[in-house]
Amino acid sequence: MNSIALILGLPLIGFIINGVIGKQLPKIVSGLLGISTILIAFILTASKLSQFVSNESFSESLKLFTFLNVDNLVLEASFKFDRLSIWMTMIITGIGTLIHVYSMAYMWNDEGFHKFFSYLNFFVFNMLMLVLGSNFLMLFFGWEGVGLCSYLLIGFWYSRPEYGKAARKAFIMNRIGDLGLLLGMFLLIHQFGTLDYDGVIEGISQGKTSAGMLTAISMLLFVGAMGKSAQIPLYTWLPDAMAGPTPVSALIHAATMVTAGIYLIVRTQVLFEMAPFTSEFIFWIGLSTSILAALIGLKQNDIKKVLAYSTVSQLGFMFVALGCGAYTTAMFHLTTHAFFKALLFLGAGSVIHGVHHEQDIRLMGGLKSKMPITYITFLIGTLAITGFPFLSGFFSKDEILTHVFEHNKIGYGLMVFSALLTGIYMFRMFFVTFHGSYRNTHFSFDKVHESPMGMTLPLIVLAVLSLIGGALNLPEYLTHQSGILANWLKPILTIEETKHAISHSTEYILIGVAILVFVTALLFTRSKYVSNHHVPKDEESTGVQGYMENKFYVDELYNTIFVKPLEGLSDILGNFFESKVISPLSFGINSVLTKVGKLNRYIQDGNIEKYLLYMVIGVVILIGINLFI
Amino acid sequence: MEFILGPILAAFIARLLGNKLTVAVAGLLSLTGIAILFVNYPVTSLINYQESWKTIQDYPWLDSTIHFTFGMDGLTWILLLLTNGLMPFIVLSMKSELPNRHQITMLALLMQAGLNGVFMSKDGLSFYIFWELALIPIYFITLLYSESGKDNFKHTIRFFIYTFLGSLGMLFSLIYLNSLTESGSFAYKELLKLNLTYQQSIGVSIGFLLAFAVKIPLFPFHGWQANTYTFAPAAGSMLLSGIMLKMGLYGVLRWFLPLCGETLDVFQPYLITLSIIGIIYGGIIAIRQNDMKRLVAYSSLSHVGLIAAGFFTLSSTGFSGGVLQMIVHGINVVGLFYSIEIIQQLSGRNLNNLGGLAKKYPVFAVIFFFFVIGTAAAPLTNGFPGEFMLLKSVFSYHSISGIFAGLTIILCAVYMLRMYQFSMLGVEKGNAEQKIELLQWFPLAVLSIFVIVLGIFPQYFLDIVKPSLDQIMLEISNAKGVLS
């Protein structure tokens, strides 16, 4: 049997079984079913890798059936393994397996246990459809499917109305992006008559379209990416999405789904290569998002919220790389980020689990002695994201910085600033959570406990990956050859990536800057939060800090300029316009008829004399007409 | 003829048998109808149809020129399947405690006869007769079983007069066309052969449009819709939105477009504009509705707007997407009204007083969610392929219009998820205790299967209607050629 069919089918089967009869199954069976489907998919994917290694242009495809065939447009339900999709599949199933394992322990006491696993499996299915699809339609299926799963999982604890609101917000903001993607697809059909990746690439190489059209298409696709990957102006759903269970935040809102936008652009890089305006646009959107989110992250006190803004910020980094045309680099950061951000989220989940569902870091402190494994793994994750030399994040972020340096010097300065902010907000959270003294009076310190093995084991694996993940694409200055990922993706990148034009000495200076940024952030936060025992205050700050605490009032702004006017319009149309304009328009005819009826009643009042009179008048008129005309 | 006489006969049997057996009769009839459909007109023969709308029965009626002529092709077939397939569910929705259930069943079955006639008639006059025949039973259903109390008569008579007057426009057009034919015939084929002048075609178009715009309804002719849907009994809302709405759309596709092809270019931009206004207008109003039925009424306005817009683009993508969406809308809206009826039994249907029903009714919540996301056109549900094709056709026609029409995917998510949130999720309000009966599960289960099946395999469906749509497209371009 085709391995793609199995890889796609297993999570689907897991979803159906757990969804239909999960409640009747013992928890252990239900959970193991969820884990094993993803694990087997992972093993199958891994076993395919060797074929790619031995054959540079290897690919495997699966055509299921014709989805639509109208008006010369044929849309197939077809899938393809190539170097890019298998890389994504490895991440999705690999990290997916770890998070499924973790979830088994984390969600054990939840009454919706089987439902959780069924949703999670369904998510993996949709995500795989997204990356394995060989045309835009399959991508769109997965794209909206993961959005739906995200909706279901954010609102998993549905009895809390505010969670439901967050879920709807996520779905609707994603739909705004989806509209962009959909319109982009329509333009593609219009230009190339197909939605197959191969067909589109071929069409472009044949010069079937104009530069302006390519800009339009790429911009629309990027609107889709903005929604899914939480970039300005569509980023506000992601922090709210933290209402979902923590494993969901790790899998969907950090490691996989939110990177779909990056995947989309890498997949369709040809379009973006030919549309310099869009690339520049992506560059600046990514950069502003990364700074804005990092600034907000500085002032958040909810452990998951900090990580959420950090994710938005890191996704911004990836888009910056894409904007520079550094597709491999973006994929590299996507990969390392998947490792360390999943680790951080799961670590946060472990903390939340240990302190009895408290998420406010102001009420934590000194947890390192009670939760040693969580502490050490979390430390590794923090070091990786902040760019501690030779950890995974260091290499990937450094690569982005080098590309940006070549691309735009002002942009480089801003990126360094953003990286500094990353260091500060991460260490702030880390120190306030694990160092200092315990501050929650409602839950005694003695009861704080380390999480069970089912949770710490995935943490350890992810910590190792975060430590050594950089090996996937070591820079040239260390190994004097291009990295593994660069070689891996080379055959599918349609455009040869430019070699660094800068000298090794400049490169060393850039590395020095990066390390300096790391050290500054570390020392600054250490002196503030460890040496001076500073704890974020409860009362509101004023000035710029107040703005940061309140997320720059963007939610309020959207509420004022979009939500409220729309609701107002709805009320005006529904209450006023409908009854005052539409109704008279439609039923004016009614009253006319009633009046005619009344007139008729007046004429036909049963008086024979009157009838005779009418008859005479009628006859006279008829005779008159006959005589004179 | 069996599709006309069958329901009429069943209507009287149901009336005679009384309350208890009426559902059984209706169910049996529909099964027979579907069986006849599949046996006499197998799907394979429809897919390979080469000739246009084949005449299957022909009965002379008034003098030699007016006939009851019935045709069959993919389009007719699929609409007959929709009508006869949905009917048992609609009958099942009538609660057993409903007074005079046999009477409302009779009316519904009579309406079925009318609807079947509309979709099969190949003669202009008999088309008109069935068209009006379908209106009379629904008038009585909304009148006698309405929930609006003393405003009852006012709403119903408004609905009746309004749609009736619209239909008169169509009658005038048909009679005028008839007077132009040499043989004085109403036959579809004869009418198609006519080459209208510019003025003639404009006049005929306006007549047809009056009837169809009210029936679909197109903005701003939708004044009757919201109140009628809201106050009608569940069965009435289902009949109206699930099937009767499709009469207007069908009329546009089968009668208006081919017969008035000469001047379509004149009307096209206005019609598409009105349709798109309807999409957005209905969507925006639906956002703030608290009565679930009224919400679905406005969402229907929005959805049929998109279907109409797709038809008016005169492209085969728009036609295919529109026909698919007619069926899908029928399934989903009946599913929604069915679910709302159940919710109403549990704790009313005002969203302000609802919440948290998923806790006590988890399985029902899942099925209801199917209809919600189907309506919101999530991929892998039946709403997606049709909406995809329709939006694509509008976008190809005019990109800015396509963007405006595309807003529906955002608005629909807003109002549908809001409805779901406030009814099923959140804090539990009220204390619904009732159990959902086995008989109520049946329609929900069957309809929800179609939500998925049509979402994954739409092409099998499109193969059935493709020959008829190609034929219609051909007629339109023939007619268009006349004046140019």
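The values are calculated or read from the model by the stated rules, or taken from the named source; none is laboratory data. Everything numeric in this text was worked out from a predicted model, so none of it was measured. Don't worry about glycine lacking a Cβ; one is built from the backbone with ideal geometry, like all the others, and counts go over all protein chains shown.
Only helices (runs of 4 or more DSSP H) whose full extent lies in the range B:14-109 are considered here, and the ones with at least 3 residues that are crowded, with 17+ Cβ neighbours inside 10 Å and touching a Ser or Thr at 6+ places or on another chain (Cβ under 8 Å) are B:22-40, B:74-92.
Return a yes/no flag: does the range A:599-619 have any residue that is free of Cβ contacts under 8 Å to residues at least 40 places away in the same chain, within 12 Å of chain B (Cβ to nearest Cβ) and of a type in the set (A, V, I, L, M). Scanning the range A:599-619 turns up no residue that is free of Cβ contacts under 8 Å to residues at least 40 places away in the same chain, within 12 Å of chain B (Cβ to nearest Cβ) and of a type in the set (A, V, I, L, M).
Kindly establish whether A:Val270 is in contact with a helix residue (DSSP H, G or I) (Cβ under 7 Å, 6 or more places away or on another chain) and surrounded by 24 or more Cβ atoms within 10 Å (Cβ to Cβ). Here the answer is no, as A:Val270 does not meet what is asked.
Residue pairs whose Cβ atoms lie under 7 Å apart, separated by 6 or more positions or on different chains, with the first residue in the range B:286-307 and within 11 Å of chain A (Cβ to nearest Cβ) and the second acidic (Asp, Glu), are B:Ile287/A:Glu567; B:Arg288/A:Glu567; B:Arg288/A:Asp571. The set of residues in the range A:108-155 that are of a type in the set (Asp, Glu) and closer than 16 Å to A:Ala170 by Cα contains only A:Glu144. Here B:Phe384 passes the criteria (1) farther than 17 Å from A:Arg168 by Cα; (2) touching a Cys at 6+ places or on another chain (Cβ under 9 Å) except the one numbered (2). Restricting the range B:316-338 to residues that are of a type in the set (Gly, Ala, Ser) and either in contact with an Asp or Glu (Cβ under 7 Å, 6 or more places away or on another chain) or closer than 18 Å to B:Ala413 by Cα (or both) leaves a set whose member that is surrounded by the most Cβ atoms within 10 Å (Cβ to Cβ) is B:Gly335. The C-beta contact set for the range A:573-591 (first residue farther than 16 Å from B:Gly282 by Cβ, second residue assigned to a helix (DSSP H, G or I), distance under 6 angstrom, 6+ apart or interchain) comprises A:Phe587/B:Arg158; A:Asn590/B:Arg158; A:Asn590/B:Ile161.
For the range A:100-118, how many residues meet the condition of being among the hydrophobic types (A, V, I, L, M, F, W, C), assigned to a helix (DSSP H, G or I) and out of contact with any Phe, Trp or Tyr (no Cβ under 7 Å at 6 or more places or on another chain)? Give the derivation first.
Start the filter on the range A:100-118 by keeping residues that are among the hydrophobic types (A, V, I, L, M, F, W, C), which leaves A:101, A:104-105, A:107-108, A:113, A:116-117.
Remaining after also requiring assigned to a helix (DSSP H, G or I): A:101, A:104-105, A:113, A:116-117.
Keeping just the survivors that are out of contact with any Phe, Trp or Tyr (no Cβ under 7 Å at 6 or more places or on another chain) gives A:101, A:104-105, A:113, A:117.
Within the range A:100-118, residues that are among the hydrophobic types (A, V, I, L, M, F, W, C), assigned to a helix (DSSP H, G or I) and out of contact with any Phe, Trp or Tyr (no Cβ under 7 Å at 6 or more places or on another chain) number 5.
Beta carbons closer than 9 Å, at least 6 apart along the sequence or on distinct chains, never pair a first residue in the range B:30-46 that is of a type in the set (S, T, N, Q) with a second that is loosely packed, with under 12 Cβ neighbours inside 10 Å. Note on the range A:160-180: among residues that are more than 17 Å from the chain's Cα centre (by Cα) and farther than 16 Å from A:His253 by Cα, the one that is surrounded by the most Cβ atoms within 10 Å (Cβ to Cβ) is A:Gly164. Scanning the range A:344-372 for residues that are among the small types (Gly, Ala, Ser) and not in a helix (DSSP H, G or I) turns up A:Gly365, A:Gly366, A:Ser369. The set of residues in the range A:181-198 being more than 9 Å from chain B (Cβ to nearest Cβ), in a helix (DSSP H, G or I) and surrounded by 15 or more Cβ atoms within 10 Å (Cβ to Cβ) consists of A:Leu181, A:Gly184, A:Leu188, A:Gln191, A:Phe192, A:Tyr197.
Restricting the first residue to the range B:55-81 and requiring it to be closer than 21 Å to B:Ile472 by Cα, which pairs with a second residue that is assigned to a loop (DSSP other than H, G, I, E, B) and of a type in the set (D, E, K, R) meet a Cβ separation below 7 Å and a spacing of at least six or different chains? Taking only residues 6 or more apart or on different chains, the pairs are B:Thr55/B:Lys122; B:Thr69/B:Lys122; B:Phe70/B:Lys122; B:Gly71/B:Lys122. Selection of first residues in the range B:462-483 that are free of Cβ contacts under 8 Å to residues at least 40 places away in the same chain and of second residues that are hydroxyl-bearing (Ser, Thr, Tyr), restricted to Cβ pairs under 7 Å at least 6 apart or on distinct chains, gives an empty result. Within the range B:159-170, one or more residues are away from chain A (no Cβ under 14 Å), aliphatic (A, V, I, L, M) and either part of a helix (DSSP H, G or I) or in contact (Cβ under 8 Å) with a residue 12 or more places away in the chain (or both). For the range A:493-501, does any single residue satisfy the condition of being at pLDDT below 80, within 19 Å of A:Ser396 (Cα to Cα) and in a helix (DSSP H, G or I)? No, that holds for no residue.
For the range A:18-31, which residues satisfy the criterion of being touching a residue at least 24 places away in the same chain (Cβ under 8 Å), over 27 Å from the mean Cα position of the chain (by Cα) and in a helix (DSSP H, G or I)? Break it down stepwise before answering.
Of the residues in the range A:18-31, the ones touching a residue at least 24 places away in the same chain (Cβ under 8 Å) are A:18-19, A:22-23, A:25, A:27, A:30-31.
Applying the additional criterion that residues be over 27 Å from the mean Cα position of the chain (by Cα) yields A:22-23, A:25, A:27, A:30.
Once the filter is applied, which keeps residues that are touching a residue at least 24 places away in the same chain (Cβ under 8 Å), over 27 Å from the mean Cα position of the chain (by Cα) and in a helix (DSSP H, G or I), the range A:18-31 yields A:Gly22, A:Lys23, A:Lys27, A:Ser30.
Restricted to the range A:1-33, and to residues there that are of a type in the set (Gly, Ala, Ser) and over 19 Å from A:Ser85 (Cα atoms), the residue that is surrounded by the fewest Cβ atoms within 10 Å (Cβ to Cβ) is A:Gly19. Kindly check whether there is at least one residue in the range A:150-159 that is of a type in the set (Gly, Ala, Ser), over 18 Å from the mean Cα position of the chain (by Cα) and within 7 Å of chain B (Cβ to nearest Cβ). For the range A:150-159, residues of a type in the set (Gly, Ala, Ser), over 18 Å from the mean Cα position of the chain (by Cα) and within 7 Å of chain B (Cβ to nearest Cβ): present.
Each row is one residue, and each column tells you yes or no for (1) more than 12 Å from chain B (Cβ to nearest Cβ); (2) assigned to a helix (DSSP H, G or I); (3) of a type in the set (A, V, I, L, M, F, W, C).
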site	(1), (2), (3)
A:Val535	yes, no, yes
A:Val544	yes, yes, yes
A:Tyr547	yes, yes, no
A:Tyr558	yes, yes, no
A:Phe562	no, yes, yes
A:Glu567	no, yes, no
A:Gly574	no, yes, no
A:Ser586	no, yes, no
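Take the conditions within 18 Å of B:Phe388 (Cα to Cα), more than 7 Å from every other protein chain (Cβ to nearest Cβ) and in contact with a helix residue (DSSP H, G or I) (Cβ under 9 Å, 6 or more places away or on another chain) and apply them to A:Met173. Does it pass? Taking the combined requirement at face value, the residue does not satisfy it.
Condition check: among the hydrophobic types (A, V, I, L, M, F, W, C) and either closer than 30 Å to B:Val23 by Cβ or in a helix (DSSP H, G or I) (or both). Does B:Leu240 satisfy that? It is true that B:Leu240 is among the hydrophobic types (A, V, I, L, M, F, W, C) and either closer than 30 Å to B:Val23 by Cβ or in a helix (DSSP H, G or I) (or both). B:Phe369 meets the conditions (1) in contact (Cβ under 8 Å) with a residue 60 or more places away in the chain; (2) in a helix (DSSP H, G or I); (3) within 10 Å of another protein chain (Cβ to nearest Cβ); (4) not aliphatic (A, V, I, L, M) in every case but one. The failed one is (1). Restricting attention to the range A:112-126, the residues that are under 10 Å from A:Leu153 (Cβ atoms) and among the hydroxyl-bearing types (Ser, Thr, Tyr) total 1.
Beta carbons closer than 8 Å, at least 6 apart along the sequence or on distinct chains, pair a first residue in the range A:356-370 that is more than 16 Å from A:Asp446 (Cβ to Cβ) with a second that is part of a loop (DSSP other than H, G, I, E, B) for A:Asp360/A:Asn301; A:Ile361/A:Asn301; A:Ile361/A:Pro536; A:Arg362/A:Asn301; A:Arg362/A:Arg439; A:Arg362/A:Val535; A:Arg362/A:Pro536; A:Arg362/A:Asp538. In the range A:67-99, the qualifying residues are those that are without any contact (Cβ under 8 Å) to a residue 60 or more places away in the chain and in a helix (DSSP H, G or I), and the one that is nearest to the other protein chains (Cβ to nearest Cβ) is A:Ser85.
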